[in-house]
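Peer 1: Input: one structure, supplied below.
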Amino acid sequence: MAEHAESIQQVLVRTYRTTTVVAVVVVLWIWAYVDARGAAIFSLGVPLGMLLLAAVSFQVHRMGPSKGSVGKGKLAFVGVAVGKFALAGLVMYLVSRWSPAQLPYVAAGYSLPVAVLVLKMLGTGLNRHVDAEPVAGSGGNCSGRRVGE
């Protein structure tokens, strides 16, 4: 179980790193093609999304059923659950009061870490299930016929 938890931590670290790189590219793109305010709002949403992902990871690893009774850490569990959504709601409210047109940017930034994690998991699943060997008898082409036949 310890090596499984370690691999999950490694996936999360890679997710944070990839999210940071993708966020920088998207911020530069928004800045160049839209406006600086949209880039700033997007870059506000990304750390908020990373914080949400870290809070979910904390809840699962530190207070999950495998760590004993959930009732023991119930107050901390509820505090983290409510706190992450309260923070997200506060940021969304402030952005909507400041500039309602920029709300999609913070929402996109907020969802970026989860999107990166989902794509990483899909890629990992595909790598496990896709056979690198060509189909027998296909000769390397899609028609199933050998070249020259």
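Each value in this text was obtained by applying a stated rule to the coordinates, not by laboratory testing. The structure presented is a predicted model; accordingly, all values stated were derived computationally and were not measured. Cβ sites come from the backbone with ideal geometry, for glycine too, and all protein chains shown count toward neighbours.
Peer 1: Take Thr15 and tell me if it is surrounded by 20 or more Cβ atoms within 10 Å (Cβ to Cβ), under 22 Å from Val91 (Cβ atoms) and either touching a residue at least 12 places away in the same chain (Cβ under 8 Å) or under 12 Å from the mean Cα position of the chain (by Cα) (or both).
Peer 2: In short, yes.
Peer 1: Just checking, how many residues over the range 92-106 are crowded, with 18+ Cβ neighbours inside 10 Å and either under 13 Å from Met50 (Cα atoms) or aliphatic (A, V, I, L, M) (or both)?
Peer 2: Selection size over the range 92-106: 2.
Peer 1: Answer with yes or no whether His61 is exposed (fewer than 15 other Cβ atoms within 10 Å of the Cβ) and touching a residue at least 40 places away in the same chain (Cβ under 8 Å).
Peer 2: Numbers: exposed (fewer than 15 other Cβ atoms within 10 Å of the Cβ): yes; touching a residue at least 40 places away in the same chain (Cβ under 8 Å): yes.
So His61 fits the description; yes.
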